[in-house]
Amino acid sequence: MAAQIFSAIFVIIIGVGGCVAYFWGANKLLDLVFPSRGVSGAAAVDNLRRQGLVRPWLFVGPAMIILTIYLIYPVIETLRLSFLDRGGQNFVGLANYEWAFGDHDFRNSILNNILWLAVVPAACTFLGLIIAVLTDKIWWGTIAKSLIFLPLAISFVGASVIWKFIYEYRGEGQVQIGLLNAIIQYFGGQPQVWISLPFWNNFFLMVILIWIQTGFAMVILSSALRGIPEETLEAAVIDGANPFQIFWKIMVPQIWGTIAVVWTTITILVLKVFDIVLTMTNGQWNSQVLANLMFDWMFRGGGDFGRGATIAIIIMIAVIPIMVWNIRQANKETGGH
Amino acid sequence: MAASTGKSFVGRFGVHIAVLVFVVIWTIPTLGILVSSLRDKDQIIASGWWNSFASSSQTEAGRLPAASAQTQKDGKYVIEGNVFGDGAKRAISAFGTKAAAPTQYKAGTAADLGDGVTLQVNADGSFVLASPKAFEGDRGQRVYFASSAPPKFTTANYDAVLFSEGIGRSFMNSLTVTIPATIIPILIAAFAAYALAWMRFPGRALLIAVIIGLLVVPLQMSLIPLLKLYNGVGTFFGVPSKTYLGIWLAHTGFGLPFAIYLLRSYIAGLPREIMESARIDGASDFEIFVKIVLPLSFPVLASFAIFQFLWVWNDLLVAMVFLGTAPDQIVLTAKLNALLGSRGGNWEILTTSAFITIIVPLIVFFSLQRYFVRGLLAGSVKGG
């Protein structure tokens, strides 16, 4: 273990030192090859221009190489693999896609993903907005926000353990140590094994993600609410609007853009949700989702790369509209400069 | 905002109550595992953690000594002793002799077991079993009793998971993964972000668009090709395919789009005059970057560092694909996942391990919340 710590420190120094050495060295080399000082005026101008051509690439070069290896190449390769067989050797056409749409688990995952997409972003945004509005009105709002924000720092696995403890089931008549079943029993209900109830178990898993992500929505929306001009609210009050009208007709329309951003960010997260399902049910009792199914096929029976890649492509297809929207928004922004 | 505040007392009171309800719902789950991780492991299963400050009652079973222990007293055959052989200090509230009715008799009363046999169990555990006839057989009388133990808090669970369940080792592994995977992308992203914000070169707009596109590419798209690539590199050079170097680079790659996006939008917002006056003074881009841009960008660098740290520390998927499951490589999240499988019912181990995995993010989060929130706002309010 000491060796491990030592080697980690060593690598940090090498890695960071290497980066610094590269940027500094490449830059120095450029100055040497095309000197701009100590040469005649015309040559200096010429060399400065050449430096200006090369230097940006020295700066963005390492990032481009890493992005290409870790993101761009894999996207293309995954697309290619989705048309190949399990080992990635023989072309099988659309067979993987045909398999997917006929497969029970896959169809179940698609349905569950749609369910997640319908519930989680809406619930997080709605709860986040309500909490943001309420906490703005009270003196201990900052503390309240901190506490609601806190689960965002907790890993999905950690959160799963936390909630599994809440859903814990003991046989009827025994002391319930899971909070949910204890409450149910206290009010005279039947304790249940919540995470194995088909269909409804999806919601018990979603609660975990909602618990984590509401804080995110709250913080973003709270800052957007502060940006609303005070005059619009005052005018509404003078006109005799009640708090609900002010909320729905004055505040919400003004932060529509931010709501969309929060919604799409959580949507993407939901499409990738994996850890929660893996740790809570591993897809049993009809709770499978695409990301976990993909992980399953990656390693099942030595791994079926064709089918795994196909599932990844399906997730990607769901993300593409958001991606296009993001790029358009960004272009509009930079175009405005 | 003040303008829309409900004027009535009820309205304001309602807001406080509503927020309080939200806060309670959001904190109770975490509180549950913190409290449970500090409880005695027998008490965790005996009562809900919300009762942990009250005495917990549990039903226990015991067997009284066999006939050989009997003495004669006042013309009766008597067996005496204490049901708590170990001398534990628990208070008995009721007892019984049948499994179906373990709390049939109140402590301190004499129970009639038939044939003139009586059994009295007192609150302190002492019992008297008396019979007009001699006891026979070498199996003693079965006895059930409800005892209540005072609340007992302990750090024994932490000792157990840190040193014998392998959580301590995994903690080190997580640090080994997280620290380099946080530092490496910062430098690479900072240079790229500066170039994309302040240098003119062909293809810059396209590059920015590509990076914004990559922001949302699901990790799942990268896993299989990279797994193949790593296996290929491993076989070709005869080195293991699951290494710390591999996961550092993977996390760097996955974190770069966000890093560049976040840093670029901040660096692009720095005042133009500073850059231009430095340029007129003859500073090169490299000098401007190192001497002006880096120091001014400290807040955003801190924001990204916190994000990446939390992301890498909390990651399970990348660790499961690119690292092994041997003790020298398994990280906390993967270890916790493994424990959920192998120690599913041992809540003292699960709650304690879970708390250890979340404690570092919570500390980072509370001490650096300001930067975290700032990064969150800068990173997600795009096009808003």
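The numbers here are math on the coordinates, done by the rules we state, and not lab data. If you're wondering where the values come from, they're calculated on a predicted model, not measured in any experiment. Every residue, glycine as well, gets a Cβ built from its backbone with ideal geometry; the counts of neighbours run over all protein chains shown.
A compact table of results
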{"read-out": "Exposure proxy order (Cβ contacts within 10 Å, fewest to most) of A:Thr142, B:Thr154, A:Thr279", "value": "A:Thr142, B:Thr154, A:Thr279"}
{"read-out": "Relative contact order computed over the range A:1-146 (Cα-Cα under 8 Å; 6+ residues apart), in percent", "value": "9"}
{"read-out": "Phi-based couplings in Hz for the range B:228-235 (Karplus 6.51, -1.76, 1.60; Gly and Pro marked x)", "value": "4, 4, 5, 4, x, 4, x, 5"}
{"read-out": "Cβ-based net charge around A:Val273, under 15 Å, with every Lys or Arg adding one and every Asp or Glu removing one", "value": "-2"}
{"read-out": "Global geometry of the range B:2-52, whether rounded, prolate or oblate, following the gyration tensor of its Cα atoms and the 1.5 cut on a/c", "value": "prolate"}
{"read-out": "Given charges at Cβ of Lys, Arg, Asp, Glu: chain A dipole, positive-most of A:Ala8, A:Thr142, A:Ile208", "value": "A:Ala8"}
{"read-out": "Contour minus Cα-Cα distance for B:Ala326 and B:Leu296 (0.36 nm per residue)", "value": "6.5 nm"}
{"read-out": "Placed amide H near B:Leu113: partners under 5 Å, 5+ positions off or other chain", "value": "B:Thr118, B:Leu119"}
{"read-out": "Residues B:Ala268 and A:Ser40, FRET efficiency given R0 of 51 Å [Cβ-Cβ distance, rounded to 0.05]", "value": "0.90"}
{"read-out": "Options B:Thr97, B:Pro218, B:Thr154, ranked by Cα towards positive dipole end of chain B, top entry (Cβ charges)", "value": "B:Pro218"}
{"read-out": "Residue-wise HN-Hα coupling along the range A:220-232, computed from phi with Karplus coefficients 6.51, -1.76, 1.60 (Hz; x: Gly, Pro)", "value": "5, 5, 4, 6, 5, 4, 5, x, 5, x, 4, 4, 4"}
{"read-out": "Helix axis angle, A:290-299 relative to chain A longest principal axis, alpha carbon, degrees", "value": "70"}
{"read-out": "For chain B: relative contact order, % (alpha-carbon pairs under 8 angstrom, 6 or more apart)", "value": "19"}
{"read-out": "FRET efficiency estimate (nearest 0.05) - Cβ-Cβ, A:Leu32 to A:Ile317, R0 56 angstrom", "value": "0.65"}
{"read-out": "Built amide H within the under 5 Å cut-off of A:Phe83, gap 5+", "value": "none"}
{"read-out": "Residue-by-residue Karplus 3J(HN,Hα) for the range A:86-103, coefficients 6.51, -1.76, 1.60, Hz, glycine and proline x", "value": "4, x, x, 9, 9, 6, 10, x, 8, 4, 5, 5, 4, 4, 4, 6, x, 7"}
{"read-out": "Theoretical ellipticity at 222 nm over chain B - DSSP helices of four or more residues, -39500 (n - 2.57) apiece, nearest 500", "value": "-18000 deg cm²/dmol"}
{"read-out": "Separation in nanometres of the label points that stand 7 Å from Cα toward Cβ, at A:Gln192 and A:Asp85", "value": "4.6"}
{"read-out": "Förster radius 56 Å - calculated FRET efficiency between B:Ala134 and A:Ile184 (Cβ-Cβ, nearest 0.05)", "value": "0.60"}
{"read-out": "For B:Leu219, residues with placed amide H under 5 Å, excluding near neighbours", "value": "none"}
{"read-out": "Sorted by Cβ neighbour density within 10 Å, fewest at the top, the residues B:Arg370, A:Arg55, B:Arg343", "value": "B:Arg370, B:Arg343, A:Arg55"}
{"read-out": "Global geometry of the range A:2-81, whether rounded, prolate or oblate, following the gyration tensor of its Cα atoms and the 1.5 cut on a/c", "value": "oblate"}
{"read-out": "Residues B:Thr97, A:Thr265, sorted so that the one with the fewest Cβ neighbours within 10 Å comes first", "value": "B:Thr97, A:Thr265"}
{"read-out": "Residue mean of other protein chain beta carbons inside 10 Å, B:368-375", "value": "2"}
{"read-out": "Gain on full stretching of the segment that runs from A:Leu94 to A:Phe199 - 0.36 nm per residue minus C-alpha separation", "value": "34.8 nm"}
{"read-out": "Nitroxide proxy distance, nm - points 7 Å out along Cα→Cβ at B:Ala123 and A:Trp248", "value": "6.1"}
{"read-out": "Net length gained if the chain between B:Val239 and B:Ala61 were fully extended (0.36 nm per residue, minus Cα distance)", "value": "58.3 nm"}
{"read-out": "Residue-averaged [θ]222 nm for chain A, counting only DSSP H segments that reach four residues, each worth -39500 (n - 2.57)", "value": "-23500 deg cm²/dmol"}
{"read-out": "Cβ-placed point charges (K, R +1; D, E -1), dipole of the protein assembly as shown about Cα centre in debye, nearest 20", "value": "840"}
{"read-out": "Virtual spin-label span in nm between B:Thr154 and A:Trp139, 7 Å along Cα→Cβ", "value": "4.5"}
{"read-out": "Anisotropy class of chain A from Cα gyration tensor, a/c 1.5 cut", "value": "oblate"}
{"read-out": "Principal-axis tilt of helix B:347-367 within chain B, Cα atoms, nearest 10 degrees", "value": "30"}
{"read-out": "Acute angle (nearest 10 degrees) that the helix A:41-67 long axis makes with the longest principal axis of chain A, alpha-carbon atoms", "value": "30"}
